[in-house]
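In what follows, a structure is listed as structure tokens, so that the remarks can point back to it.
The values are calculated or read from the model by the stated rules, or taken from the named source; none is laboratory data. Keep in mind the model is a prediction, meaning the values are calculated, not measured. Cβ placement follows ideal geometry from the backbone for every residue including glycine, while neighbour counts extend to all protein chains displayed.
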Amino acid sequence: MKNFAYKTSYFYYAILPYLGYLAVLIMRENYPADGLIIMLGWVVLLIHQTMYLAVFEATAKREYTFALPFVPPLLIAFNQTTLDLSIWNFFLEQAVIEMVGLMVGLAIVFLFFKNDEGHTAWRDMGCLPLIFVGLIGAGSWGFVATWWNQQLYSTEAAYWNILSFAVAFLIEIRANVLVLNKVVKGKLFLSEVFGGENGIGLILGQIVLWFVLPAIFYWLG
């Protein structure tokens, strides 16, 4: 059962960027934000899968409980009872917490933390960290903007949802920074998510799929 919980959760977090992406396309409320997601969201997708799933595998496998696959449905049910929103709102919120939280954690580590040799990313890679942070920031912003536009500011439930979201988001950033700092200092080693013979094909196939999905929605709409 524990192995089933691990595999189920691993798969869920692997496709979470797509679930958040579909939520944005379904809501269709912020076209500038949608454009950023379409053009740069695939960068966030691949970074999320490369880093999040590798960290997930390295740190969580032996600690998982049998109840983990049932956590997302329970959270969805909680959102339904507080804000009476659809399942896509939940997926969007989860995508923002997990994906954007990881991107912010990566940005913090890239810009301010030192490796085991006492060097920052600035010293080793020059301006590349700033370009990297800009790309993931632009790709992530569309998810954040779309989520923000979905909040119902006139209800007490919405205020509580924003507060609980903020707490969860800060906790996620802190956890990501602590884990990524261990990776930078060589205390935690990550496996290759896209290793093997099919790695490049899987990456390119997902990039193509990322651009094809909006065309499908436009054609169906």
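Details
- Pairing each residue of the stretch 209-221 that is in a helix (DSSP H, G or I) with any residue that is modelled with pLDDT under 80, provided the two are 6+ apart or on different chains, yields C-beta distances under 9 Å for PRO214/ASP34; PHE217/ARG28.
- Residues in the stretch 191-215 that are aliphatic (A, V, I, L, M) and touching a Leu at 6+ places or on another chain (Cβ under 9 Å) were compared, and the one that is farthest from ASN149 (Cα to Cα) is VAL193.
- Meets criteria (more than 27 Å from ALA5 (Cα to Cα) and either at pLDDT below 80 or in contact with a helix residue (DSSP H, G or I) (Cβ under 6 Å, 6 or more places away or on another chain) (or both)) for ARG62: no
- Criterion (modelled with pLDDT of 75 or more and under 14 Å from the mean Cα position of the chain (by Cα)) met by exactly one of LEU135, LEU92, LEU163, LEU111: LEU92
- Selection from the stretch 145-158 of residues that are surrounded by fewer than 16 Cβ atoms within 10 Å (Cβ to Cβ) and modelled with pLDDT of 70 or more: TRP148, ASN149
- Residues within the stretch 176-206 that are touching a residue at least 60 places away in the same chain (Cβ under 8 Å) and part of a helix (DSSP H, G or I), tallied: 9
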